[in-house]
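A short write-up of the structure that comes next.
The values are calculated or read from the model by the stated rules, or taken from the named source; none is laboratory data. Please read all numbers here as calculations on a predicted model, not as lab measurements. Note: ideal-geometry Cβ built from the backbone for every residue, glycine included; neighbour counts use all protein chains shown. Please note that ligands, DNA and RNA were not included when accessible areas were found on the heavy atoms of the full protein model with its side chains. Shrake-Rupley method; radii C 1.70, N 1.55, O 1.52, S 1.80 Å.
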Amino acid sequence: MRPRNEYAEPYRIKMVESIHLPEESRREEAIREAGLNLFNLDSSDVYVDLLTDSGTGAMSQEQWSAMMRGDEAYAGSRSFERLASVVRRTTGYDHLVVTHQGRGAEHLLMRSLVSEGDRIPGNMHFDTTQGHILLAGAEPVNLVIEEGRRAESDHPFKGNIDLEALEAELAAHGDRIPFVLMTITCNNNGGQPVSAENIRGAAAVASRRGIPLFFDAARFAENAYFIREREEGYGDRSPAEIAREILSLGDGCTMSAKKDGIANIGGFLALRDDELYRKAVEWQIPFEGFTTYGGLAGRDLEAVATGLGEVLEPTYLEDRLGGTRYLADLLLDEGIPIVTPPGGHGVFIDASAFLPGIPRDQFPGQALAVELYRRGGVRGVELGTAAFGRTDPDTGETIYPDMELVRLAIPRRTYTDRHLAHVARTVARVWANRDGIRGLKMTYEAPVLRHFTARYEWV
Ligand code: F0G
């Protein structure tokens, strides 16, 4: 197995958490009890947990010490002031609306700006964003470029929006479009970045029609580093400068601080406009809490304020994206089909190519995710028909998503190269035995967001 020797480790370990690989017999028992759904597993039954990179990262000693200084005042907390000034400096937006996590910010944005019958175009909305758009009675419109819908395309910015399609959407429905939303990086198709040029293009198209542009900035720092690595003219700029330039093209952002805030919980809406800020606060107070805490403890505000600084350090980002690339390279060495080039926060396995014999209505991604757990105690997540498939209300037919993926999301600063090597060995073992893998049928399904609670059986 290749070593990852191109990168110097930018930290050492000060506190450890014991984990172990459960016996095979226990894994078999656990996955059956879980109804073949990895969301139902106890974390103590999992060895390497790549379910999500959300809130699962390791905090630094600076974050932990800042937490001890958290000001727990209900009103006028110093910790809020500190976070507000970091957010202003990082994003360039004047107003901070704190929320308990990213979806809280999405909720406030929709409440403030969206009416029934509206349309919200973007590159590709994340599930919770799509959920909040639908809850507001509006229609999510995903306009990612064609290359972004193909696992094997090697386009460097597979999160880009199709500018012609955006232009056409705004021309046809401009009066029903309260804003355009760009998700940086684009989670659902592989953590793929959006180029600065594409963002400038989207901003120009929107501003010609007087339509605001917002960002889902959950992984904005990773996106900035991809721009630095891949886009001409950015190689000498710091990630902080690039992030600031990108965000300056929009009117505000929603943020899940559980990702590029490197905190375990938290989020915010950052806004340029005074009037919109006043409106958002009207919804913030009843749903999230008073302006100076927004559903978080003062110590959480401190963790996010410190994390937002650390996430933009070049050594951190080099190690972060280097780790993802390392796991991707180990899998590519074995000939395993993954989304290339790898994105920021995880490696996405192409389950259709991995298990071509399993039809899409038998959930090839879920079948593969179950196998990774059975073979090596690795927990990933299906992002395919189970997560995104919808039943057409008119015809009753399944509408399939573009891809059947299994995401191995890498928590920040948490696992070493040896953990990642174990993951790669596990995937390779499943790959070698792929012919014996059977499809699944869903035996329980909730009406919305079914993949969280679904239960399955082997067909
Ligand atoms: N936007 C993006 C792009 C996300 O990936 C997420 C969460 C959210 C918004 C919502 O933020 O969880 O703080 O409410 N993604 C997690 C994941 C859950 O596993 O990818 P949240």
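Tabulated results
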read-out	value
Added length on full extension, which subtracts the Cα-Cα distance from 0.36 nm per residue, GLN61 to ALA75	2.3 nm
Exposure ranking of MET255, MET403 by accessible area [1.4 Å probe, largest first]	MET403, MET255
Computed over region 313-459: relative contact order in percent, which uses C-alpha pairs under 8 Å that are six or more apart	25 percent
Cα lying deepest toward the dipole's positive end in region 61-310, options VAL194, VAL98, ILE145, charges on Cβ	VAL98
Accessible surface of ASP402 - all protein chains present, 1.4 Å probe, nearest 10 Å²	90 Å²
Cα-centre dipole for the chain with unit charges at Cβ (Lys and Arg positive, Asp and Glu negative), debye to 20	820 debye
Protein accessible area in the chain, 1.4 Å probe - carbon and sulfur %	48 percent
Summed side-chain charge close to LEU135 - residues other than LEU135 whose Cβ falls under 14 Å, Lys, Arg +1, Asp, Glu -1	-3
Lys, Arg +1 and Asp, Glu -1 on Cβ, resulting dipole of region 300-459 about Cα centre, debye, nearest 20	620 debye
Mean separation of Cα contacts under 8 Å, 6 or more apart, over the residue count of region 362-409: relative contact order %	40 percent
Cα centroid separation - region 246-262 against region 137-182, whole Å	19 Å
Aspartates and glutamates with Cα under 17 Å of LYS279, excluding same-chain neighbours fewer than 8 positions away	ASP94, GLU106, ASP251, GLU288
Contact order normalised by residue count of the chain, Cα under 8 Å, 6+ apart, percent	23 percent
Check: region 61-310 dipole with +1 on Lys, Arg Cβ and -1 on Asp, Glu Cβ, in debye	460 debye
Lys/Arg +1, Asp/Glu -1 at C-beta; the chain dipole; positive extreme among GLY389, ASN433, PHE215	ASN433
Most to least accessible of TRP283, TRP431 (protein chains only, probe 1.4 Å)	TRP283, TRP431
Positive-end extreme of charge dipole, the chain - chosen from MET124, ALA240, ALA8 (charges on Cβ)	ALA8
Residue-averaged [θ]222 nm for the chain, counting only DSSP H segments that reach four residues, each worth -39500 (n - 2.57)	-12000 deg cm²/dmol
Set LYS14/LYS259; LYS259/LYS441; LYS158/LYS258 screened for pairs whose C-alpha atoms are more than 26 Å apart	LYS259/LYS441
Å² of accessible area per residue within the chain, as computed with a 1.4 Å probe and no ligands counted	42 Å²
Fraction of antiparallel bridges per DSSP, the chain only, in percent to nearest 5	65 percent
DSSP-defined beta bridges in region 61-310 - what % are antiparallel, rounded to 5	50 percent
